């Protein structure tokens, strides 16, 4: 007791555990929908899925189909891998760099081959899945929650890719490229905030 | 004489509306919504920024395709690059001067209906966008979500360009072309005012 009393209050304060806010939001509809909602409430992840979907759609139907398969699968595999390891990973830098690349590719109107698009989608899925693994750790049925997130990723990728594939009018193709420039710009600002130490 | 009576549903709705509790807005927006709204508000909070961003759209509309959409594609990317420089702690000399000059130069280009080559037009817009990003991209209230601030910031910038393009579409009519050049003179005058303030 005497020894404890000598410890400066500030040191005690410094040893307090930091609360983790990376857990899933409770949707009230069970772990599957908690996982799906997790994606919709994570702007960084959502933006990455939008970017992959738009780029895949811009690249054509074959690329879009491969991206819609590889992105959710890689996401789920990486999240499950992170769960088995018992931790997620902080991959903010790489994710932001990838987001800038995806945005610039959309803005430049570049059409990627199916294999390159599938690889980029898989890389995005792996990074974000691993990064999000920590969020599923506290969940009652973490595997079901991962499935919910992967399903949401699949649906969003399909919607975005289908939208981009169906664009025919010139102004809509331009709007798509403007959207890409916005994604790249947001990525660049995020890179700045990471350098600044705020995210 | 028969009195006009509101229908029962309308009476119920009116009563419910009168009994509706008032929401207290005694707190600043916090968390996610605060970050997004703060980012959305920043580009429109200063007239110098608004003038320049609308002018980019006006000039793009005056130049026609492909500048009409390439300028608004280049601006946010270069603006974010300016924000990146600011957040990295890299100082730019005379940021306020650069912002004021952007309105002067863009206004003058619109007023003179000057058709620069596409590469030169992109260079002009990209150069000035760096100053705007450096000044505004870094001004987030502490504690807010950086990504939502960035999303709001970029969306507001893009919508200002869109407003400029929308106004600039009057260029297809003879009278509209004259009005557009007049709008350029307003942008230029505003820029000169901000330039005078920056130098004073």
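Any read-out appearing in this document is the output of simple, stated calculations on the displayed coordinates, not a laboratory observation. Note that this is a predicted model, so its numbers are computed, not measured. Note: ideal-geometry Cβ built from the backbone for every residue, glycine included; neighbour counts use all protein chains shown.
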(request) Rounded to the nearest 0.05, what FRET efficiency do residue B:185 and residue B:127 give with R0 = 22 Å and r taken as the Cβ-Cβ distance? Could you check? (result) 0.50
(request) Rank by packing, highest mean first: peptides A:58-70, A:41-53, with packing defined as the count of other Cβ atoms within 10 Å averaged across residues. (result) A:41-53, A:58-70
(message) Regarding segment A:29-196, what's the average projected area of the Cα-atom convex hull, expressed in nm²?
(response) 9.2 nm²
(message) Inside 10 Å of the C-beta atoms of B:63-73, what's the mean count of C-beta atoms belonging to other chains?
(response) 3
(request) Give, in nm to one decimal, the length gained when the segment between residue B:88 and residue B:47 is fully stretched (0.36 nm per residue of separation minus the Cα-Cα distance). (result) 12.2 nm
(message) For a test of the definition: using alpha carbon positions, the gyration tensor, and the 1.5 limit on a/c, classify the protein assembly as shown as rounded, prolate or oblate.
(response) rounded
(message) Highest mean first, how do B:42-54, B:169-181 rank when packing is the count of other Cβ atoms within 10 Å averaged over residues?
(response) B:42-54, B:169-181
(message) Per-residue Cβ counts within 10 Å, from other chains only, averaged over B:78-89: what number is that?
(response) 6
(request) Round to the nearest 0.05 the FRET efficiency obtained for residue B:200 and residue B:118 when R0 = 51 Å and r is the Cβ-Cβ distance. (result) 0.90
(request) Post the alpha-carbon centroid distance, segment A:56-71 to segment B:29-104, in whole angstrom. (result) 33 Å
(request) Report, to the nearest 10°, how far helix B:95-111 tilts away from the longest principal axis of the Cα atoms in chain B, using its own Cα long axis and a range of 0 to 90°. (result) 80 degrees
(request) State the percent of C-alpha pairs, over all pairs in chain B, separated by a distance greater than 22 angstrom. (result) 54 percent
(request) Please give, to one decimal in nm, the separation of the simple spin-label points placed at residue B:139 and residue B:192, each 7 Å out from Cα toward the Cβ. (result) 2.5 nm
(message) Once you order the gyration tensor axes a ≥ b ≥ c over the Cα atoms, which shape class does segment B:104-198 get: rounded for a/c under 1.5, otherwise prolate or oblate by comparing a/b with b/c?
(response) prolate
(message) Under the rule a/c < 1.5 gives rounded, and otherwise a/b versus b/c splits prolate from oblate, where does segment B:77-130 land using the Cα gyration tensor?
(response) oblate
(request) Within 10 Å, count the other beta carbons around each residue, average over each peptide in B:114-123, A:156-165, A:180-189, B:145-154, and list them highest first. (result) A:180-189, B:145-154, A:156-165, B:114-123
(message) At 222 nm, what value in deg cm²/dmol follows for chain B if DSSP H runs of at least 4 each add -39500 (n - 2.57) and the sum is divided by all its residues, to the nearest 500?
(response) -25000 deg cm²/dmol
